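What follows is a set of notes on a single structure, which appears directly below.
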Amino acid sequence: MTTLRAAMARVAPAGLLALLVPPVEAVDEDGSPRIRGRPLSAVLVQLRARGLNLIYSSAVVLPELVVADEPQGTDPRAILDQILAPFGLQAQDAASGAILIVRAPPRVWRDPRPCHRFDSRHAGLRRRAD
């Protein structure tokens, strides 16, 4: 029992220290924090801190959404557009400089081939002989 107490006495301070030290955020060469692999909501908080007036609902920006690709560029608005698109979301400018995050309208697939009218004469249909 004494060895267990001694082991706990050695491990407990290290565990406490791990809780007190904030996690180190991965950064790029220029010192800006990486976005890939982070929750979308956390990235939106970061973009708010960089001056974007973002308005969104937690029903649209779900907690399980994670940014898969590192956006290109440094402009906060361009980064916003890049990170929202893969989730089917978009940013819309609103009054007073606000930016609304909403669901993007569904994409409509259009067949590039010309449309032909149906003609029963060419469908292999034959008239009944009475």
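Every read-out reported here was derived from the displayed coordinates using simple, explicitly stated rules and does not represent laboratory data. Predicted model, so just to flag it, every value in this text is computed and none were measured.
The average projected area of the stretch 28-106, computed from the convex hull of its Cα atoms over all directions, is 5.3 nm². Maximal additional length on extending the Asp81-Arg107 stretch stands at 7.7 nm, based on 0.36 nm per residue less the C-alpha distance. Net length available on complete extension from Gln90 to Glu70 is 5.5 nm, with 0.36 nm assigned per residue and the Cα-Cα distance removed.
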